[in-house]
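The block underneath contains the structure these notes are about, expressed in structure tokens.
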Amino acid sequence: MNALKVISGWVLAACVGLAGCTGETKRIGPDELSEIEIGTGLTSQDFRSVCQRMSRSLVQLPQIQKATTPPKVALAPMQNNSNAYIDENAFLAKMRKELIRNAEGRIVFLDRAIAATIDKETRDKDRGKLSTSGEQIRYGADFFLTGTIDSIDKVTVDGNTTYTRLSFRLTDAGTSAIVWEDDYEIKKHSKTGSVYK
């Protein structure tokens, strides 16, 4: 019986000890910097600012504002030339969402990510396996939206500086002419702590 009490005491002490070591989680706003976001990399605030500014710039384009029929836009993979791991295509997906939500139907985005699924659906409709509401022709892209991420890193004993340039462009699918291009520049400096000097 005493052995059971001792084991129970150890289990209780272990649970209390583990509970004290679990840390704390709190919700912060997407534009709010956390205490651990140090360094010169991109933050959620940068991500949101870039996408919102580029979307506002793109929607002002005459080919979009003055179009009688909303142009069809497909996303083309971005290129990350920086030294940082960045999911570069997340920028295009966020811009697409911003434009669909705020452009009031002035742009139609094509979902090329599910092209194989659409092809299968079309084959099943043609074979009579699935019903259809009438013949539909898949849209071709009028424009492709893509971009690049470039950076210049400078590291010294006092810290490091990173200049990041995110550039986006809209290219005419017929002529390959670039009809819109804009960029967003960010430069950050991070000081090295005295312990590491």
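Amide H to amide H under 5 Å from residue 41: which residues, 5+ apart in sequence or cross-chain, H placed 1.01 Å off N in plane?
none
Using the Cα centre as the reference, give the magnitude of the dipole from point charges on the C-beta atoms of region 42-191 (Lys, Arg: +1; Asp, Glu: -1; all else neutral), rounded to the nearest 20 debye.
340
Ranked by Cβ crowding within 10 angstrom, fewest neighbours first, how are 108, 73, 50, 155 ordered?
Lowest to highest Cβ neighbour count: 155, 108, 73, 50.
Full-extension gain between residue 72 and residue 106, please, as 0.36 nm times their residue separation minus the C-alpha to C-alpha distance.
11.3 nm
Counting other C-beta atoms within 10 Å, which of 68, 156 has the fewest, and how do the rest follow?
The fewest-first ordering by Cβ neighbours comes to 68, 156.
Taking a point 7 angstrom from the Cα of residue 48 along the C-beta vector, which residues in region 81-110 have backbone N less than 20 Å away?
Answer for this model: 87-103.
Taking all pairs of distinct Cα atoms, average 1/r, flip it, and tell me the Kirkwood hydrodynamic radius of region 42-191 in Å to one decimal place.
One decimal place: 17.5 Å for the Kirkwood radius.
Modelling each spin label as a point 7 Å along the Cα-to-Cβ direction, I'd like the residue 163/residue 138 distance in nm, to one decimal.
It is 4.3 nm.
For region 42-90, state which trypsin sites (Lys or Arg not before Pro) are in a DSSP loop and have at most 10 other beta carbons lying within 10 Å of their beta carbon.
Of the trypsin sites (Lys or Arg not before Pro), the ones in loops of region 42-90 whose Cβ has at most 10 other Cβ atoms within 10 Å are 66.
FYI, it's all coordinate maths here, none of it is from the lab. What you are looking at is a predicted structure, and each value in this text was computed from that prediction instead of being measured. Counting neighbours? That spans all protein chains shown, and the Cβs are built from the backbone with ideal geometry, glycine included.
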